[in-house]
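One structure is given below, encoded as structure tokens.
The values are calculated or read from the model by the stated rules, or taken from the named source; none is laboratory data. Just so we're clear, the structure is a prediction, and the values are computed from it rather than from any experiment. Here Cβ is always computed from backbone atoms with ideal geometry, including for glycine, and neighbour counts include all displayed protein chains. Ligands, DNA and RNA are excluded from the accessible area calculation, which covers all protein heavy atoms including side chains. Shrake-Rupley method; radii C 1.70, N 1.55, O 1.52, S 1.80 Å.
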Amino acid sequence: MTRPAYTVDDAARAQAREVGERARAWRDKRGVDTTALARLHAWLKYAVVYHSNALEGGGLTETETRAVLLDGVTVGKPLRDHLWAVNLSVAVERVDGWSHDEAPITEAQLLELNAVLLRGIDELGAGA
């Protein structure tokens with residue numbers, strides 16, 4: 001076995017340690033990985049809608065739900081399925097906004113939520 005043509009002296013070790021410490025400090029200052037957080041939020045935006053609609057017998061697949069909500073694409077399914085996905089997405093965002101408020105949810109907010117959910121599906125019953 002031959003020895004490598006290079007050696008690592010104390011100065012090189014000290015410099016490597018300094019680079020490692022600077023990298024660690026930089027990572028610590030970054031806090032939350034915003035890229036991963038953004039990906040999680042994007043996934044939740046359509047996953048919550050897909051799974052809720054799937055429980056109710058909705059007609060969109062997870063991929064179709066993602067296309068409708070994140071890409072703004074219409075898919076070759078009935079308009080009602082499209083509206084359920086869009087309306088539920090809006091309702092989820094509304095409830096998420098309310099969750100940051102300390103006040104209790106009111107009857108007016110529930111009726112508003114009902115109106116959002118039924119928009120374009122049951123106009124007579126929406127908000128009632």
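Values as computed for the structure displayed
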{"read-out": "GluC sites (Glu not before Pro) restricted to the range 53-96 and DSSP loop, no more than 10 other C-beta within 10 Å", "value": "56"}
{"read-out": "Helix axis angle, 107-118 relative to the chain longest principal axis, alpha carbon, degrees", "value": "90 degrees"}
{"read-out": "Pair residue 74, residue 109: separation of 7 Å Cα→Cβ label points (nm)", "value": "3.4 nm"}
{"read-out": "Computed over the chain: relative contact order in percent, which uses C-alpha pairs under 8 Å that are six or more apart", "value": "16 percent"}
{"read-out": "Positive minus negative residues near residue 105 (Lys, Arg vs Asp, Glu; Cβ under 12 Å)", "value": "-3"}
{"read-out": "The chain, helix-only ellipticity at 222 nm - DSSP H runs n ≥ 4, -39,500 (n - 2.57), divided by all residues, nearest 500", "value": "-22500 deg cm²/dmol"}
{"read-out": "Gyration tensor (Cα) of the range 17-109, equivalent ellipsoid semi-axes in angstrom", "value": "36, 21, 9"}
{"read-out": "Percent accessible area from carbon and sulfur atoms, the chain, protein chains only, probe 1.4 Å", "value": "57 percent"}
{"read-out": "Average accessible surface area per residue within the chain, 1.4 Å rolling probe, Å²", "value": "76 Å²"}
